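This report refers to the structure that appears directly beneath it.
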Amino acid sequence: MYASFELERLVTAQTLRKKKEQGEKFTVVALYDAPMATMAQRTGVEAVLVGDSLGMTVLGYDSTVPVTMEQMIYHVEAVARGNKKSLIMGDMPFMTYATPEQAIANATRIMQAGAHMVKIEGGAWLTETVKMLTDRGIPVCAHLGLTPQSVHKLGGYRVQGRDAEHAKQILDDAIQLDQAGADLLVLECVPATLAKNITESVAMPTIGIGAGRNTDAQVLVINDILGLTEQPPKFSKNFLVEAEDIPGALRKYAEDVKLGLFPGDPHILK
Ligand code: KIV
């Protein structure tokens, strides 16, 4: 039914870098199972993230901290079975990349489960890890701003980088991770001006969530896109309201991101 939106070929990190160079926005969805992964491929979603948000969205935990390698692997395998075209990113759980050696051992397992890239949260302290992983053929998505695995250190889920000093630190972290070889960068809950500045300062594509509209891509969690979240974050949107069915909601999300219509003003954090 949605064949015309189906991705034509496997999306790679190189595909996404080319899109950035050509000023073409792309779409990412955080999802956790085979049927949703298939819908994403059929509706033109270039990348899917098997996020450790599954701790909250699927498993009922209060944060991402309790998520284990075994749980991530189980869900990466399911998503990989359902989607043969989108780039599949697998989150590395809390404390599974505390040292570069741990990162290599655990990233290997996530890649062998079917991911094409791993995602890790943190700033300049991760440059050695990024270099070790990418030098050994494991692509890396970095994650800055609100990094949910550090929620207990950050003191809650709130916008990061509002003051000039912190904004500069996040920008410097992004530049160092880019130079270390990171392939993508998630920017979560940072001011739109900072996200724009970072996007213009790094070669890797940036993926915003609660980071305004001037990133190279957007990511939303499938539960928010489909209105399954009791108290959805302000930056998200329930696309099922305007669509007939689930594929329609995903297709509308993908189209709106690519046309620069999402996020709209109501979804931009002040
Ligand atoms: O775990 C996740 O789903 C994420 C996204 C919200 C970026 O990290």
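Some notes on this structure:
- Residue satisfying all of: in segment 178-192; more than 16 Å from the chain's Cα centre (by Cα) and hydrophobic (A, V, I, L, M, F, W, C); nearest to the ligand (Cβ to nearest atom) among these: A192
- Residue match in segment 193-213 (condition: within 23 Å of P233 (Cβ to Cβ), within 13 Å of the ligand (Cβ to nearest atom), in contact with a helix residue (DSSP H, G or I) (Cβ under 6 Å, 6 or more places away or on another chain) and in a strand (DSSP E or B)): yes
- Candidate set from segment 93-130 (those that are surrounded by fewer than 17 Cβ atoms within 10 Å (Cβ to Cβ) and among the charged types (D, E, K, R)); member that is farthest from the ligand (Cβ to nearest atom): E101
For every residue, the table says whether it meets (1) more than 30 Å from E200 (Cα to Cα); (2) in contact (Cβ under 8 Å) with a residue 12 or more places away in the chain; (3) of a type in the set (S, T, N, Q); (4) away from the ligand (no atom under 15 Å from the Cβ).
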position	(1), (2), (3), (4)
A13	no, yes, no, yes
E24	no, yes, no, yes
P35	yes, yes, no, yes
V48	no, yes, no, no
D52	no, yes, no, no
V58	yes, yes, no, no
V67	yes, yes, no, no
I88	no, yes, no, no
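- Residue count, segment 124-177 (criterion: more than 20 Å from G90 (Cα to Cα) and assigned to a loop (DSSP other than H, G, I, E, B)): 9
To keep it simple, each residue is scored yes or no on (1) of a type in the set (K, R); (2) out of contact with any Lys or Arg (no Cβ under 6 Å at 6 or more places or on another chain); (3) without any contact (Cβ under 8 Å) to a residue 12 or more places away in the chain; (4) farther than 29 Å from V58 by Cα.
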site	(1), (2), (3), (4)
V140	no, yes, no, no
T147	no, yes, no, no
G156	no, yes, yes, no
R162	yes, yes, no, yes
K168	yes, yes, yes, yes
D183	no, yes, no, no
K196	yes, yes, no, yes
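- Any hit, segment 2-9, residues being among the aliphatic types (A, V, I, L, M) and either farther than 19 Å from I246 by Cβ or at pLDDT 95 or above (or both): no
- Number of the exception - D173 against (1) touching a residue at least 40 places away in the same chain (Cβ under 8 Å); (2) within 15 Å of the ligand (Cβ to nearest atom): (2)
- Number of positions in segment 211-270 that are among the acidic types (D, E) and touching a His at 6+ places or on another chain (Cβ under 6 Å): 0
- Residue that is nearest to the chain's Cα centre (by Cα) [pool: residues in segment 95-110 that are small (G, A, S) and part of a helix (DSSP H, G or I)]: A107
- When segment 239-248 is limited to residues that are crowded, with 17+ Cβ neighbours inside 10 Å and in contact (Cβ under 8 Å) with a residue 12 or more places away in the chain, the one that is nearest to V159 (Cα to Cα) turns out to be F239.
- Residue within segment 214-234 that is free of Cβ contacts under 8 Å to residues at least 60 places away in the same chain, under 18 Å from S86 (Cα atoms) and not small (G, A, S) present: no
- Some residue of segment 249-270 being crowded, with 17+ Cβ neighbours inside 10 Å, part of a loop (DSSP other than H, G, I, E, B) and free of Cβ contacts under 8 Å to residues at least 24 places away in the same chain: no
The values are calculated or read from the model by the stated rules, or taken from the named source; none is laboratory data. It should be emphasised that the depicted structure is a prediction, and the values quoted were computed from it without experimental measurement. All Cβ positions, glycine included, derive from the backbone under ideal geometry; neighbour counts span all protein chains shown.
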